[in-house]
Amino acid sequence: MDQARSTISKIFNGEPHSYTRFNLTQNMEGDNSQVEMKLSSDMDEEVGGNGVGEHLNHNSNRKPYVAQRFGRTPKNLCFMAAATLLIFIIGYLIGYLVHRKKDLAPTPVAPKLPFEEPALHETGAAPLMDWDDVKNLLATKLSATKFESVFSEFASNSHRAGSPGDEALGNKVLKKFKEYGMNTWTDEHFVKVQDPPASGYNRFVFNGTEQRPNGFLSYSGTGTRTGAVVFAHYGQENDFTLLRGKNINLSGRVVLVKAGKISFAEKVANAAKMNASAVLIYPDPTDYSIGDNTPLFGHVHLGSGDPYTPGFPSFNHTQFPPVQSSGLPTILAQTITTGMANSILRKLGGQSAPREWESYYNLGEEKDVITVEVNNVLTEKRINNVFGVIKGFVDADRYVVIGAQRDAWGPGFATSTVGTSVLVELARSISDMVKNDGFKPRRSIVFASWSAGEYGSVGATEWMEGYLSSLSMKAFSYINLDGVVAGRTGFKVAASPLLHSLIESTLKEVNSPIFSQVTKGNWESNVLEPLKLDNAAYPFLAFSGIPSVSFRFAPSNADYQYSGTLLDTRETLKQATGQQIPQLAETAAKFAGHIALRLVHDHLLRMDVTKYDKIIRTRVAQINGKVWNVKRLRPDFLPKALTVQWLISASGSYSRASRTLQADIQNSDLEDIEMCRIINDRIMTVERNFLSPYVSPKDSPFRHILLGSGPHTLTALFNHLEALRTNNPEADADLFRNQFALVTWTIQGCANSLAGDIWSLDNEI
């Protein structure tokens with residue numbers, strides 16, 4: 001009893017003693033409070049007075065309690081016992097409140113989009129609307145009748161990039177986004193483009209006759225070149241191979257090619273490889289019905305973005321080294337009309353064209369001399385991209401981007417007006433679903449109106465270059481709306497393999513007679529086409545590693561022949577679509593909206609990582625067969641120790657990692673927000689990790705080893721083997737071995753990332 005009285009007396013008298021103290025601390029990484037038990041042997045060792053009261057935000061400046069010594073009377077002992085009981089009760093209540101706070105603490109939310117603080121659902125999770133309700137709701141918001149007025153509002157006869165017309169359209173888009181209650185912003189760039197001379201002209205002289213074409217190709221070399229004309233069909237690589245087979249020397253020649261099949265830039269690049277001096281491109285009547293005097297416009301930069309700031313964004317007042325894109329040609333390039341081309345073709349002598357071309361033209365001979373003069377001028381233009389965002393309610397910092405170019409060489413009705421109209425209508429419809437119908441997307445949707453698309457996706461690429469590190473981690477898909485309506489009898493889609501399954505389900509769920517037709521039989525062979533270099537979705541996929549999709553209603557087995565001309569008007573598109581522009585635009589909006597909403601609605605991203613497994617295996621099998629073929633025919637070129645086993649192992653690693661992810665998805669708890677986020681992050685890394693980390697974005701911007709272009713790709717690896725087999729002087733066995741090793745490890749690195757945690761990695765390689 002004396003010992004108990006002594007202890008209590010020491011408590012109130014503040015004498016030195018050993019004690020146990022409970023300290024409430026706040027978890028700095030989140031929101032969970034916790035109780036920390038802290039031991040001290042002496043009151044004097046406490047520094048700063050971090051007691052319970054301070055963590056509860058009580059006034060820390062209050063005067064210390066000064067205890068008085070009490071006598072050992074029964075009255076005082078009762079008082080001390082009551083005080084002890086009171087302290088115990090207070091401690092119990094504090095502990096109860098602390099644990100209750102911990103139980104009620106909100107789930108940690110994802111980092112926010114940088115544009116503005118989002119308003120999140122109070123539980124951190126969006127109430128899930130049934131998918132059938134979501135797609136039906138979108139269908140009720142979109143109608144063909146609404147598109148007519150939108151077309152009229154955004155149609156313009158003059159809206160070349162950086163012009164007042166382009167800026168006026170951008171302001172209209174921005175105003176619409178604001179009306180819909182979206183968070184908006186703009187992105188300004190100062191880019192260098194090449195335009196025709198303001199005073200003067202481009203020209204060519206053939207057989208003493210001078211002609212001055214009105215069309216032009218931006219980013220051409222400038223100056224004057226003289227050489228003999230040679231007809232090279234479409235200017236594809238195999239076309240030049242056939243010419244070499246006829247022993248035609250292309251060095252210094254002026255190459256005349258038909259428009260179509262591949263981009264203008266690829267035609268010029270192929271001619272430059274043959275050491276040609278200039279390229280003339282014309283619309284042949286077999287592909288174009290645009291008359292004899294319609295000029296063509298375009299660009300010849302084998303890349304995207306501003307070629308004078310490769311790999312860098314063209315922000316104002318930013319200092320860049322004096323570099324140029326490796327895709328800029330040094331040879332001259334110019335478009336000419338059908339009539340001008342016929343005046344040349346009719347007079348060409350020399351050999352007849354290869355029978356594979358099914359052409360009656362002669363190829364030309366040394367005496368068919370022509371002089372080409374290009375005087376394009378390099379100018380700087382200020383362009384603006386316009387954005388609006390609908391914020392997600394769970395993973396607000398993850399977003400799908402829907403974009404359309406706003407500029408055009410002329411009216412550009414199919415090229416830009418329809419796409420911009422679909423973009424604005426989708427923004428209106430989905431915003432209305434969120435504001436008035438209770439739809440709460442889990443992830444965000446960014447709507448983008450690009451400028452300078454006609455110069456090679458300049459606006460979009462500069463934006464990607466400016467925010468590449470952020471976009472590669474947070475943007476999980478891009479949907480391109482350029483040229484979505486160009487016909488009515490066919491439907492084509494170019495996309496990342498990750499999106500193929502989603503595309504198939506969308507075709508089946510969106511009500512359209514064309515979709516019903518193309519999904520009969522093998523839908524992939526009916527619908528899918530390669531994503532080409534001149535498609536605005538290509539840099540998103542091959543440069544940024546963002547899974548992308550581009551689609552279009554098109555004429556059967558043909559391209560829209562009015563693209564890149566001044567005849568791309570509302571009237572010509574009406575004729576091409578049988579007066580069905582609004583109806584086709586409505587279906588296009590539903591197709592794009594369906595894909596976007598599915599990607600932001602579901603707990604897990606609708607992307608099939610196993611699709612790449614088949615592609616990788618096919619490419620590896622081709623390379624394996626070619627390696628053994630080269631070893632058999634040219635044993636001195638490749639060392640005996642070189643095998644494809646490493647590449648096969650890397651392919652197997654990806655296959656196992658993709659199957660493991662599928663199993664993890666099957667076993668996952670969809671109500672576990674953090675688990676869903678982890679799985680989605682693993683899916684998002686796939687496309688990005690197919691970008692080769694061993695090449696410079698400045699020198700080889702399209703770094704995707706499967707869908708990109710350059711010496712780092714699997715296609716280049718296969719072609720290099722063929723060059724070794726044929727003893728091509730440009731083949732280099734040591735360079736091949738280096739390419740082989742880097743491609744192998746890029747695939748293995750992708751597999752490692754897809755596997756997830758480091759202890760889950762496949763180390764068989």
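The values are calculated or read from the model by the stated rules, or taken from the named source; none is laboratory data. In this text, all values refer to a predicted model and were calculated from it rather than measured experimentally. For neighbour counting, all protein chains shown are included, and Cβ atoms are generated from backbone atoms with ideal geometry for every residue, glycine included. Accessible surface areas use protein heavy atoms only, side chains included; no ligands, DNA or RNA. Shrake-Rupley method; radii C 1.70, N 1.55, O 1.52, S 1.80 Å.
Here are the numbers for the structure shown:
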{"item": "Point-to-point label distance, Ala663-Glu571, nm (Cα→Cβ direction, 7 Å offset)", "result": "6.6 nm"}
{"item": "Range of Cα positions in the stretch 494-592 per principal axis (Å), largest first", "result": "37, 32, 23"}
{"item": "Above-threshold pairs, the threshold being 29 Å between Cα atoms, out of Lys474/Lys532; Lys258/Lys492; Lys474/Lys626", "result": "Lys474/Lys626"}
{"item": "Hypothetical label at Ile758: residues of the stretch 674-697 whose amide nitrogen lies under 16 Å (7 Å Cα-Cβ projection)", "result": "none"}
{"item": "Estimated inter-spin distance, Glu509 and Tyr467, nm [label 7 Å along Cα→Cβ]", "result": "2.7 nm"}
{"item": "Relative packing of 226-236, 628-638, which averages over residues the other C-beta atoms within 10 Å, highest first", "result": "226-236, 628-638"}
{"item": "Fully extended contour minus Cα-Cα distance, from Asn275 to Arg382, at 0.36 nm per residue", "result": "35.0 nm"}
{"item": "For the stretch 358-437, convex hull volume per residue from C-alpha positions, Å³", "result": "264 Å³"}
{"item": "Point-charge dipole on Cβ atoms (K/R +1, D/E -1) for the stretch 610-760, about Cα centre, debye to 20", "result": "780 debye"}
{"item": "Accessible-area order (highest first, 1.4 angstrom probe) of the listed residues Ile479, Ile615", "result": "Ile615, Ile479"}
{"item": "Kirkwood hydrodynamic radius of the stretch 610-760, Cα pairs, Å", "result": "16.6 Å"}
{"item": "Computed E for Glu730/Ile678 - FRET, C-beta separation, R0 60 angstrom, nearest 0.05", "result": "0.85"}
{"item": "Among 480-488, 523-531, the order from most to least packed when residues are scored by Cβ within 10 Å on average", "result": "480-488, 523-531"}
{"item": "Shape parameters for the stretch 203-375, alpha-carbon atoms, Rg then Dmax in Å", "result": "16.4, 56"}
{"item": "Segment Thr489-Ser343, extension gain: residue separation times 0.36 nm, minus the distance between their alpha carbons", "result": "49.1 nm"}
{"item": "Hz values of 3J(HN,Hα) by residue in the stretch 523-535 - Karplus curve (6.51, -1.76, 1.60), Gly and Pro given as x", "result": "5, 5, 6, 7, 10, 6, 9, x, 7, 8, 4, 8, 8"}
{"item": "Area of Arg656 that stays accessible when all protein chains are in place (1.4 Å probe, Å², to 10)", "result": "80 Å²"}
{"item": "Euclidean distance of C-alpha centroids, the stretch 272-333 and the stretch 552-619, integer Å", "result": "25 Å"}
{"item": "R0 of 30 Å, Cβ-Cβ distance Lys175-Asp130: FRET efficiency to nearest 0.05", "result": "0.30"}
{"item": "Distance-filtered residues of the stretch 502-521 - backbone nitrogen under 19 Å, label point 7 angstrom along Ser143 Cα→Cβ", "result": "511-512"}
{"item": "Proportion of all alpha-carbon pairs of the stretch 325-379 beyond 15 Å (%)", "result": "65 percent"}
{"item": "Residues Glu524 and Trp628, FRET efficiency given R0 of 30 Å [Cβ-Cβ distance, rounded to 0.05]", "result": "0.50"}
